[in-house]
Amino acid sequence: MTFAFAFAPPATAKVAIHNSSVSFPVHRIYCVGRNYAAHAREMGSDPDREPPFFFCKPADAVWPINPSSEISSLAPLPYASATTDLHHEIELVVAIGTGGREIPQGSALEYVWGYGVGLDMTRRDLQAGLKKKGQPWEIGKAFDQSAPVSPLMPVSQCGHPGNGRIWLNVNDQLKQEGDIADMIWSVPEIIQHLSTYFDLQPGDLIFTGTPEGVGPVRPGDRLTGGIAGLCEISLTIGEDCA
Ligand code: MN
């Protein structure tokens, strides 16, 4: 008796690794909400009173689907269906290399494999409606291709960046700017909190929140962003996928 699959299982989602021919297999994508005070305020929240909160995207929301370390030759990111207000959120992405639960803050960085920069693409119109009704955020946040990620840099190459300018340009115009030192919850604090709710696994990605200046994109827009001393992401927005 064999236990074959009823049909071919889906391919493992993966992200490119900087200057490498191997890929980083993605287990889960966790995201931190409102982790920069100025962005929390622009979303109408009081950043001082709220503990970190988390939401998820499916692993196969990463983009590009067939990654290489060449970010200059990517196909356009499809404009998401069912929205007229698709927003960019540039974020530091933490890649977990060692699993664990209830990880203490003091040793949290030992669980990190590397870092990247990503875009937490958001259907802002749908998210706003869901927030009003107290409904879950999935259709506003966890849709297909909602998590573009740059090639990752291993800790052996970039260390653990505690500060650095994070920015996003749309058509060469600066839209988002901050410093990762301004995150309300630091990477070790995020790992500590998150690992009380989930067993972290190798292959988990954590989007750590966005600085102020989020806004809409349109088909044809060119997005370039990055984190100083770390990595950059560059893509164009394609036509409606509908
Ligand atoms: Mn975000």
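Across the range 21-46, the qualifying residues are those that are more than 20 Å from residue 116 (Cα to Cα), touching a residue at least 40 places away in the same chain (Cβ under 8 Å) and among the charged types (D, E, K, R), and the one among them that is farthest from the ligand (Cβ to nearest atom) is 41. Within the range 219-232, which residues are of a type in the set (A, V, I, L, M, F, W, C) and either open to solvent by 10 Å² or more (accessible area, probe 1.4 Å) or away from the ligand (no atom under 16 Å from the Cβ) (or both)? Of everything in the range 219-232, those that are of a type in the set (A, V, I, L, M, F, W, C) and either open to solvent by 10 Å² or more (accessible area, probe 1.4 Å) or away from the ligand (no atom under 16 Å from the Cβ) (or both) turn out to be 228, 230, 231.
You will find that of 21, 45, the residue that is of a type in the set (S, T, N, Q) and surrounded by 13 or more Cβ atoms within 10 Å (Cβ to Cβ) is 45 and no other.
Across the range 106-120, what is the number of residues that are open to solvent by 10 Å² or more (accessible area, probe 1.4 Å) and either assigned to a loop (DSSP other than H, G, I, E, B) or touching a Leu at 6+ places or on another chain (Cβ under 7 Å) (or both)? Write out each step before concluding.
Within the range 106-120, the first condition is being open to solvent by 10 Å² or more (accessible area, probe 1.4 Å), and the residues that meet it are 106-107, 109-113.
From what is left, the residues that are either assigned to a loop (DSSP other than H, G, I, E, B) or touching a Leu at 6+ places or on another chain (Cβ under 7 Å) (or both) are 111.
Number of matching residues: 1.
Residues in the range 1-18 that are within 24 Å of residue 211 (Cβ to Cβ) and either touching a helix residue (DSSP H, G or I) at 6+ places or on another chain (Cβ under 9 Å) or open to solvent by 70 Å² or more (accessible area, probe 1.4 Å) (or both): 18 alone.
Of all residues in the range 79-98, those being open to solvent by less than 10 Å² (accessible area, probe 1.4 Å), in contact with a helix residue (DSSP H, G or I) (Cβ under 7 Å, 6 or more places away or on another chain) and within 16 Å of the ligand (Cβ to nearest atom) number 2.
Any idea how many residues of the range 11-20 are more than 23 Å from residue 137 (Cβ to Cβ) and in a loop (DSSP other than H, G, I, E, B)?
So in the range 11-20, the residues more than 23 Å from residue 137 (Cβ to Cβ) come out as 11-12, 14, 16-20.
Within this subset, residues satisfying the condition of being in a loop (DSSP other than H, G, I, E, B) are 11-12, 18-20.
The qualifying residues number 5.
Filtering 220, 226, 209, 213 for residues that are closer than 27 Å to residue 85 by Cβ and free of Cβ contacts under 8 Å to residues at least 40 places away in the same chain leaves a single hit, 220.
Per the conditions (1) more than 14 Å from the ligand (Cβ to nearest atom); (2) open to solvent by 30 Å² or more (accessible area, probe 1.4 Å); (3) over 24 Å from residue 161 (Cα atoms), the sole criterion not satisfied by residue 101 is (3). When the range 121-146 is filtered for residues that are loosely packed, with under 14 Cβ neighbours inside 10 Å and over 25 Å from residue 170 (Cβ atoms), the ones remaining, listed by number, are 132, 133, 134, 135, 136. Of the strands (runs of 3 or more DSSP E) lying entirely inside the range 21-105, the ones with 1 or more residues being of a type in the set (Val, Ile, Thr) and at pLDDT 95 or above are found at 29-33, 90-96.
Just to verify a result, which residue in the range 110-126, among those that are under 13 Å from residue 226 (Cα atoms) and small (Gly, Ala, Ser), is nearest to the ligand (Cβ to nearest atom)? Result: 118. For residue 162, the criteria (1) outside any loop (DSSP other than H, G, I, E, B); (2) free of Cβ contacts under 8 Å to residues at least 40 places away in the same chain; (3) touching a helix residue (DSSP H, G or I) at 6+ places or on another chain (Cβ under 7 Å) hold in every case but one, which is (1). In the range 188-218, the qualifying residues are those that are more than 15 Å from the ligand (Cβ to nearest atom) and β-branched (Val, Ile, Thr), and the one that is surrounded by the fewest Cβ atoms within 10 Å (Cβ to Cβ) is 196.
The values are calculated or read from the model by the stated rules, or taken from the named source; none is laboratory data. Because the structure is a prediction, the values reported are computed rather than measured. Heads up, the Cβs are rebuilt from the backbone with ideal geometry, glycines too, and the neighbour counts pull from every protein chain shown. Areas reflect the complete protein model, heavy atoms only, side chains present, ligands, DNA and RNA absent. Shrake-Rupley method; radii C 1.70, N 1.55, O 1.52, S 1.80 Å.
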